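Take a look at the structure below.
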Amino acid sequence: MSMRPNMKFSIIISAVIIVVVSIIIGFYMLNKVVDPDETMVTRTEVSPELITITGGFADSISRYHGYYLSHHNNSLFIQIKGSKLPIGGSKDFTISFSNTYGSVDEIYLLGPGNSKKKIWSNP
């Protein structure tokens, strides 16, 4: 007993749609900006050459997947990307980059919406 060509085509199209939708949802979940209240910054170091931020997540399932960085006036704004999927990434993070911004007075974590948390200010 063989399948009709239309039935085979429908099954193949359905399988492709399921795979594509799963990849899109997974990609979105891996690149979600995390709320600052879900992170714990344990150390922030600012020098004229290098800025380093070390921390982790408050829960046991979140995973770090990168960050976005922006600069305005003398403040740095960091958005941490993470996911609730236990795929790749790590629970802890170390963000380190060259200080090409000159004088930095404050560093903030930004989250979705208007959430913001100051993690460092120049003494």
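Just a few scattered comments:
- Here is the figure for segment 73-86: residues that are surrounded by fewer than 17 Cβ atoms within 10 Å (Cβ to Cβ), part of a strand (DSSP E or B) and over 16 Å from the mean Cα position of the chain (by Cα) total 1.
- Restricting attention to segment 93-123 and to residues that are in contact with a helix residue (DSSP H, G or I) (Cβ under 6 Å, 6 or more places away or on another chain) and part of a strand (DSSP E or B), the residue that is farthest from His71 (Cα to Cα) turns out to be Lys117.
Residue-by-condition table, conditions (1) modelled with pLDDT of 90 or more; (2) small (Gly, Ala, Ser); (3) touching a Pro at 6+ places or on another chain (Cβ under 9 Å):
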site: Ile51; (1), (2), (3): yes, no, no
site: Phe57; (1), (2), (3): yes, no, no
site: Ser70; (1), (2), (3): yes, yes, no
site: Ile80; (1), (2), (3): yes, no, yes
site: Ile87; (1), (2), (3): no, no, no
site: Ser90; (1), (2), (3): no, yes, no
site: Phe93; (1), (2), (3): yes, no, no
site: Asn99; (1), (2), (3): yes, no, yes
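- Cβ-Cβ contacts under 7 Å between residues 6 or more apart (or on different chains), taken from a first residue in segment 98-123 that is on the phi < 0 side of the Ramachandran plot and in the same structural domain as Asn73 (by TED's automatic domain parsing) to a second residue that is of a type in the set (Gly, Ala, Ser) and surrounded by fewer than 14 Cβ atoms within 10 Å (Cβ to Cβ), are listed as Asn99/Ser47; Asp105/Ser121; Glu106/Ser121.
- Taken over segment 102-121, the criterion of being within 18 Å of Glu49 (Cα to Cα) and at pLDDT below 90 is satisfied by Gly102, Ser103.
- The numbered conditions (1) surrounded by fewer than 15 Cβ atoms within 10 Å (Cβ to Cβ); (2) over 22 Å from Asn99 (Cα atoms); (3) among the small types (Gly, Ala, Ser) are all true for Ser70 except (2).
- If you go through segment 49-69 and keep only what is among the hydroxyl-bearing types (Ser, Thr, Tyr) and in a strand (DSSP E or B), you end up with Thr52, Thr54, Tyr64, Tyr67, Tyr68.
- Matching residues in segment 99-123 - criterion: being under 13 Å from Glu45 (Cβ atoms) and not hydrophobic (A, V, I, L, M, F, W, C): Asn99, Asn122, Pro123
- Residue in segment 23-41 that is among the basic types (Lys, Arg) and loosely packed, with under 14 Cβ neighbours inside 10 Å present: no
- Considered as a group, the residues in segment 100-117 that are touching a strand residue (DSSP E or B) at 6+ places or on another chain (Cβ under 7 Å) and within 14 Å of His72 (Cα to Cα) include one that is surrounded by the fewest Cβ atoms within 10 Å (Cβ to Cβ), and that residue is Asp105.
- The number of residues in segment 21-48 being part of a helix (DSSP H, G or I) and at pLDDT 85 or above comes to 3.
The values are calculated or read from the model by the stated rules, or taken from the named source; none is laboratory data. Given the structure is predicted, the values throughout are model-derived calculations rather than measurements. Every residue, glycine as well, gets a Cβ built from its backbone with ideal geometry; the counts of neighbours run over all protein chains shown.
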